[in-house]
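The values are calculated or read from the model by the stated rules, or taken from the named source; none is laboratory data. Computed from a predicted structure; not experimentally measured. Methodologically, a virtual Cβ is constructed for each residue, glycine included, from the backbone with ideal geometry; neighbour enumeration extends over all protein chains shown.
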Amino acid sequence: MSLQSLLREKRVLVLCGAGGVGKTTTAAALGVAAARAGRKVLVLTIDPARRLAEAMGLTEGGTEPTPIPPERLYAGTEVGPGRLDVWMLEPRIVFERMVRRLSPTPEAARDILDNRLYRFLSDLVAGMQEYAAAEALDGFLEEGHYELVVLDTPPSRHALDFLEAPGRLARFLDDRIVSLFLPEEKGRGGRLWRKTSQLLGSVLGSIFGESFTQEMRAFMGAFSGLFSGIRERAERLRGRLSAEDAAFLLVTSPESASLQEVGYFRDMLHERRLPFAGYVLNRSWAREDGLAHPEALLRHAEDEAQRGGVEALIHLARHEQVRADAHRGLLSLLAENLPTGAVAVAAPESGSELEDFGGLVRLGEALATS
Amino acid sequence: MLDALWERRALLVSGKGGVGKTTFAAALARAAVASGRRVLLAEVEVSPEDSESPSPLASLVGVRSPSARVSEVSPGLSYVRLSAIEGQRLFLQEVLPVRLMADAALRTRALRRFLEAAPALREMGVLFQMLALVRRTRPDGGPLYPLTVLDLPATGHALALAALPDALLSVMPGGPIGRSVREGLELLRNPTLTGALLVTLPEPLPVSETLELATAIGRHRIPLAAGVLNRLPEKPFPPEGRAAVERLLGTHGPHQGQRALARLDRAQAAEVRLASNLPAPLLTLPELPEHGRELVERLATHLTGAPS
């Protein structure tokens, strides 16, 4: 299988990778390639670098996906049937919608949204981005408007944070656990339960102070009506992500490709029965460019400055060769022991080219055809 | 410039993944030890579930099993993997009247899950363990670890850590949490005690992101100590050589070395842009062929030998 067939056949493409490997750029380029191949595509991204956002024509804080104008998407060719929308996730908006959708009444939703604890929690970025990405992905898949959703997972040190965070929340939302934190009239009986609940009450009271603990318990009480909905959705998303039409790609770069982490990623996916689709080695010089060696330039050099310049270029070419060889070695290591259907592709280094949309088109084509 | 760094209590190393941040943090710690400081090299655990996950930083300094207990790596250098649950335990021990109660509380599955799931509480645990370590003293009253070098997680999470104290103070201005948060801020916002170092690469996107990060860190009033431009390629051209070769290439078309040449140009532009826009001094590190621990040693030697 090639990356191209993934782009044609899958419904969900999840791009994982540590921060700084060019994950967002890869997600955007793959989305562009799939849309130009005729599909209706959504790229979901979090916090892209400003220049990349500008290249895609994204506005910050948009409440809906932004369509890329077809003339732009198809620049240089005839406009086809594919479409591309891009949305820069706003965790705040995603959560607000979730609360509104899952609350039994609009008043109940307002009680939660106006609670200052709710605002405090949704203001904190860490962890919440992962929940928001999962929630948004599930929403778009449920709605069924797009044929392919490409998810750029939140920036993290660890390629797997995205997989971990929703599970952590779901475990906490286990009824037996949560009920211990609810105001007493909402909880249930049992001696052990009462004892544990009292212990928690006094621990939380000493840490947070009595009034804050009351406030927190009241908030949990208001929020608890949503828990079964949140859990159901987490289950549903897990189902969707382990389905045949989902694919997980690990994006890495020659500098940060630690083979240890790469192997760890594959094992973790396997453990969770999530479909591993391969690796994208970003910003690599693995491809041959078929150019002549700069020694050929020496006979054209007319003066000292030109000779010195060519000597320096020869020096650079030697370095380039060493790097390119290293990148090729890395790519073939990645390609070893791939499961059937998985890919290992090298994305060329695009330098400063990516500052315009054309750069994304070229990168997408390079990826799809390798 | 480095001597001024060693005088502080905490150096926070941040930057995107893949820029060599962790290697730099290890080299910085080694260089500080070589200059006679006792150093604690710290990092933040990835997640509470997999305390077994690999730690590149630990293996760079030769620690076999990274954990939340401080271990001495070599004379003058100690290592710790900061853990939320450890910080939370220390915190509970401090605020609860009976020590047994803290232990009992942490054995409760419900509380552990609560502490793991609530994002703010995890970061708070990490912050608290770090504060506790910075506060630790020797029998003579001097600090046990005069200098802590903290390898912060990737940009997004580092900013969340930076944003946390203000957010916490806004909902819980009083009580034990408010007290320790305020103590934390006194350390973090004092430019004679703390400094952030932002590591980046000489490429357009990383430089843009670093300038954005510097602004964001400034918003949280965390003092910026330096920018670190890593893997700066050597400049092989004699004066006039670059322009001369450009003319030749213009006439005879592209040759091998094209990619390296473009990379060199980007690196030079990046250095100029960073130096003129970053509100702090810029430290540059050469691109070196070594990897892993050898690279740490070379960079540390480079740092200690660098003119101040």
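Summed over region A:319-369, the residues that are part of a helix (DSSP H, G or I) and within 12 Å of chain B (Cβ to nearest Cβ) give a count of 14.
When you scan region A:23-59, how many residues do you find that are outside any helix (DSSP H, G or I) and at pLDDT 80 or above? Number of matching residues: 9. Residues in region B:265-277 include none that are small (Gly, Ala, Ser) and assigned to a loop (DSSP other than H, G, I, E, B).
Of note, B:ALA226 satisfies the criterion of being at pLDDT 85 or above and under 14 Å from the mean Cα position of the chain (by Cα).
With respect to being within 14 Å of chain A (Cβ to nearest Cβ), part of a strand (DSSP E or B) and closer than 23 Å to B:LEU201 by Cα, B:VAL19 falls outside the description.
Elements of the type helices (runs of 4 or more DSSP H) sitting completely within region B:168-260 and holding at least 2 residues that are surrounded by fewer than 20 Cβ atoms within 10 Å (Cβ to Cβ) and among the acidic types (Asp, Glu): these cover B:175-188.
Contact annotation: residue pairs with Cβ atoms under 7 Å, 6 or more positions apart or on different chains, pairing a residue in region B:76-103 that is in contact (Cβ under 8 Å) with a residue 12 or more places away in the chain and at the interface with chain A (Cβ under 10 Å from one of its Cβ atoms) with a partner that is in a loop (DSSP other than H, G, I, E, B) and surrounded by 16 or more Cβ atoms within 10 Å (Cβ to Cβ), are B:ALA102/B:LEU96. Among the residues of region B:222-239, is there at least one that is more than 27 Å from A:ASP303 (Cβ to Cβ) and within 12 Å of chain A (Cβ to nearest Cβ)? There is at least one residue in region B:222-239 that is more than 27 Å from A:ASP303 (Cβ to Cβ) and within 12 Å of chain A (Cβ to nearest Cβ).
Scan region B:140-167 for residues that are modelled with pLDDT of 70 or more and either surrounded by 22 or more Cβ atoms within 10 Å (Cβ to Cβ) or part of a helix (DSSP H, G or I) (or both) and report the count. Outline the logic, then answer.
The first filter runs over region B:140-167 and keeps only residues modelled with pLDDT of 70 or more, leaving B:140-153, B:162-167.
Among the residues that remain, those that are also either surrounded by 22 or more Cβ atoms within 10 Å (Cβ to Cβ) or part of a helix (DSSP H, G or I) (or both) are: B:145, B:147-153, B:162-167.
Qualifying residue count, region B:140-167: 14.
Checked against the criterion of being under 18 Å from the mean Cα position of the chain (by Cα) and surrounded by fewer than 20 Cβ atoms within 10 Å (Cβ to Cβ), the candidates A:GLU96, A:GLU78, A:GLU90, A:GLU71 yield just one match: A:GLU90.
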